[in-house]
Each structure stands twice: as C-alpha cells, then as structure tokens.
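The values are calculated or read from the model by the stated rules, or taken from the named source; none is laboratory data. If you're wondering where the values come from, they're calculated on a predicted model, not measured in any experiment. Don't worry about glycine lacking a Cβ; one is built from the backbone with ideal geometry, like all the others, and counts go over all protein chains shown.
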C-alpha cells in the first residue's frame, strides 16, 4: 500500500477499482487495462451516445500501481466519437487534436482518441484510478446532462469477468508500460520449436519465453553439464549440475515459474521423428551436426514452414591470441528458400570440423540468438523490416553486420 502526497491517503491495492464498482460504474479489466463503459456524451450532431474510457491498469507483485507510478500517466484512451458540448462544439480541453485515429491499445481494443487533461488539484498525478476516471467522466458527462439530466455512467450493469488470454503466470507489465500490447500480440503463435539448446539455442529460448507464443517445444537429447553453465543464460547451482538433467528438463525447470506451455522433448531429431514438426508455426534450428541440419531444414522447406538456422565460427589467432569469427542467422520462408544451399553447412565432415575447432563464447552465443530472434519478430510484424533480408552475418573483427538474400 503506497501513499500519495497530494491525496494524503493510502492508495488501495486495487487502486480505486472497488470504489468504481460500488458506485455502479460498468468496468472490466483486460490485458492490464481498465475499461469503463457506458459514459454518456454529446455527439457533433447534438445527440447522446455512449463511449468507453480505457487506461493502463498495471499489476506489480499482487497490487495495482497508482497512476503516479513510473510508466503510467494522466492520459486515457476513448472509444467513441469525439465528445462535444451541448452546443455541438468539440470539447477541446480534452485534447488539442480532435481528428479520429485508429489507436490499437491492445488486441481487441481500438480507440479513436487519446485524452490528456489533469486538474490543478492533482498536479502531481492522480492518486488512484477512481480519481483519474471520475475526472474525465465529469468533463464529458456534464454536457450530456444538459440535454438529459438523467444521463449517468453509473448504470450498475455487470460484465462477467474476462478470462485472461495469456500463457504467463504473472502479467506482462513491460508491454503495457511501453504501450506495445497490440504489437506483442502478433507473436502469439500456436506452436514454436527450438531445436538444440546449446549456447545459442539457450539464449534464443531466453528471449522467446518472454513472448506470448502458446507452446514452446524444446528438442535436445543432451545432458546439461558444467561447461554448458558457463555459456547459458542465468546461473545453474552446483546441485543442479549434479543432477545431470537433460538440457530440455533443466530449461523447463528454469522458465516454468514464468510461463506455461514449455514442452520438453529429451531426444535428438532424426528421420524417425522429424515429422513431429508438422503443424508448427515456426522453428529455430540451432544444431552442430551437418546431417541433422540438412534433415531438418529439408523437411521444413518441403512442408513450406518458416524457420531460422543459426551458426557460429570463432577461431583464435595463434600469434596474437585474439579471437575472430562470425555469427550467422539464415532465414527460410515458404516464399524464399533457394539460398539455403549456399548458406548452410550441411555436410558432417564440414560441420564437425568446424565444431571441433570452434570456440564458444557466451556473448557471441547471445548475439547470435538476438540476431535470429529480431529477424523472427520482423517476420511476424513486431519489428519493421525494410530490406527483407534472409541472411545476416556478424563479423567480430570488423564489428559489422551484413545482410543478404533479399526476398522479392
């Protein structure tokens, strides 16, 4: 429970939600946002209509942050036409720009306007969500009452609780604070696979678990050993190392407290089980054997499934003892896969030779993974992608990232 100096009273753990309900306002909570419906307003034609106010409603360790918290503000979204006075003139005190816009607040909620108005009494910010929403309701509803004295947002209508559509065990408040909930929802894939949980694959997982993909399938038959601990995310305990767990089981244990839908497959992918990828939306391939890479990638191409294959080659200069090398991320889509033959090491002698001499460094593993994850997010519309590259290579000694194989 926190104190706001301007109100000199505690902000409750629900930040005014119960008070709104007790007074009869029609509210619901969806995807870390509070929606208040049935607000009467005057249209530009002088008639009455009803709109909805939407604001952030951010949870933090079981309590709701007051609007004065960092990452929140005094602004709200409005679903409806622009509210006017009884004379039909726009209420410009709500916002300078009255032009309608399509504002995607979160998946399933599109607003037409965003309001910004804060009274002097709350110069330091609204103490809770009741005061914040009541302020905007008063501004809008008072003009509706000139036309109809009985106009009132307090209808006491009840909306059934909204089932949270999320795989996370606690809410993704980071997306809410950044106002990218609708963009993040584009990554809500049904089934995604990561094949190989070595250094790079583990860092891919570390990023993907923080997206709303429903099922994350992990494929690896290896055991998590001490050398793995020094090039993987987080910090394994010595007790965990002594358990000799399969990598997929170790990482399932590591990330299960954050989200549901992590499905371990403690075996290698081969000809007998590669068909398990049928029905997946996307696959990350992070394997070190050329024959396995060829088997998997050939199957995914034949099934017209998008995927990204990653690889590293790091070697030491024997004279200077400095390291040089490259990190590669190769993308294939149903529209473009003709470049794979020239980009992927698919022969065992070639790949094994690289693997035996290759040096694995955690920061390059992490960078290799980030390049792949960023490209994955581009493919699904999270990040803008102007070049449509299907091959990216980072060179250590040049500190440069090159892109190639542009899709047509």
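Taken over segment 278-290, the residue count meeting the criterion of being part of a helix (DSSP H, G or I) and free of Cβ contacts under 8 Å to residues at least 60 places away in the same chain is 0.
Screening segment 16-60 for residues that are more than 25 Å from the chain's Cα centre (by Cα), on the phi > 0 side of the Ramachandran plot and not in a strand (DSSP E or B) and picking the one that is modelled with the lowest pLDDT gives 16.
On the stretch given as segment 61-87, residues that are in contact with a helix residue (DSSP H, G or I) (Cβ under 7 Å, 6 or more places away or on another chain), within 27 Å of residue 160 (Cβ to Cβ) and outside any strand (DSSP E or B) total 1.
As a summary of the residue check, residue 151 satisfies the conditions (1) at pLDDT 95 or above; (2) surrounded by fewer than 16 Cβ atoms within 10 Å (Cβ to Cβ); (3) not in a helix (DSSP H, G or I) except for the one numbered (2).
So, of the residues in segment 88-134 that are in a loop (DSSP other than H, G, I, E, B), touching a residue at least 60 places away in the same chain (Cβ under 8 Å) and under 24 Å from residue 26 (Cα atoms), which turns out to be nearest to the chain's Cα centre (by Cα)?
Going through the qualifying residues, I end up with 107.
Test residue 189 against the criterion of being in a loop (DSSP other than H, G, I, E, B), under 21 Å from residue 367 (Cα atoms) and either out of contact with any helix residue (DSSP H, G or I) (no Cβ under 8 Å at 6 or more places or on another chain) or in the same structural domain as residue 330 (by TED's automatic domain parsing) (or both), and give yes or no. Criteria not met by residue 189. From the list 110, 54, which residue is crowded, with 16+ Cβ neighbours inside 10 Å and either in the same structural domain as residue 17 (by TED's automatic domain parsing) or touching a helix residue (DSSP H, G or I) at 6+ places or on another chain (Cβ under 6 Å) (or both)? Matching residue, one of 110, 54: 54. Screening residue 241 with (1) in contact with a helix residue (DSSP H, G or I) (Cβ under 6 Å, 6 or more places away or on another chain); (2) buried (at least 19 other Cβ atoms within 10 Å of the Cβ) gives one miss only, at (2).
Among the residues of segment 229-277, the one identified as part of a strand (DSSP E or B) and more than 21 Å from residue 190 (Cα to Cα) is 246.
Put simply, of 277, 284, 382, 307 the only residue that is buried (at least 16 other Cβ atoms within 10 Å of the Cβ), over 23 Å from residue 402 (Cβ atoms) and touching a helix residue (DSSP H, G or I) at 6+ places or on another chain (Cβ under 7 Å) is 277.
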